[in-house]
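The values are calculated or read from the model by the stated rules, or taken from the named source; none is laboratory data. For clarity, every value in this text was computed on a predicted model and none was experimentally measured. Cβ sites come from the backbone with ideal geometry, for glycine too, and all protein chains shown count toward neighbours.
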Amino acid sequence: MSDDDYIYDEATGEWRPASEIAAEKAAQNQVRDASGTVLADGDSVVLIKDLKVKGAGQTLKQGTVIKSIRLTDNPEEIDCRHETIKGLVLRTEFVRKR
């Protein structure tokens, strides 16, 4: 698509530049932590709250560092590993980028 292409936006009922619509879609797909910082694969995060881990019978304390996160299809969840818990999935509302 070139910058001269226009796409009909059904939500607004207007013809808008394709580049503008593409930029909005890219912004919506970003994964953000509790403070609004953009997260990426391989980042380290810190827990901002004590979390009880279902199925493990254990609690992860506030301030625990989680290294090498992986993003999932859901922008509200990240996949990560902890020393004692494998296959841990955390919600982004409970983490802050380190």
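If you go through the range 71-85 and pick out every residue that is closer than 19 Å to LEU51 by Cα and surrounded by 13 or more Cβ atoms within 10 Å (Cβ to Cβ), you end up with 7.
Residues that are assigned to a loop (DSSP other than H, G, I, E, B) and either surrounded by 10 or more Cβ atoms within 10 Å (Cβ to Cβ) or aliphatic (A, V, I, L, M) (or both) within the range 49-60 comprise LYS49, ASP50, ALA56, listed in sequence order. Considering the conditions (1) assigned to a helix (DSSP H, G or I); (2) without any contact (Cβ under 8 Å) to a residue 40 or more places away in the chain; (3) within 17 Å of the chain's Cα centre (by Cα), SER68 is excluded by exactly one of them, (1). Within the range 1-48, the residues that satisfy the criterion of being part of a strand (DSSP E or B), of a type in the set (A, V, I, L, M) and either within 23 Å of LEU71 (Cβ to Cβ) or assigned by TED's automatic domain parsing to the domain that holds VAL89 (or both) are VAL38, VAL45, VAL46, LEU47.
Among the residues of the range 27-43, which ones are of a type in the set (Gly, Ala, Ser), touching a residue at least 12 places away in the same chain (Cβ under 8 Å) and surrounded by fewer than 14 Cβ atoms within 10 Å (Cβ to Cβ)? SER35, ALA40, GLY42, listed by residue number.
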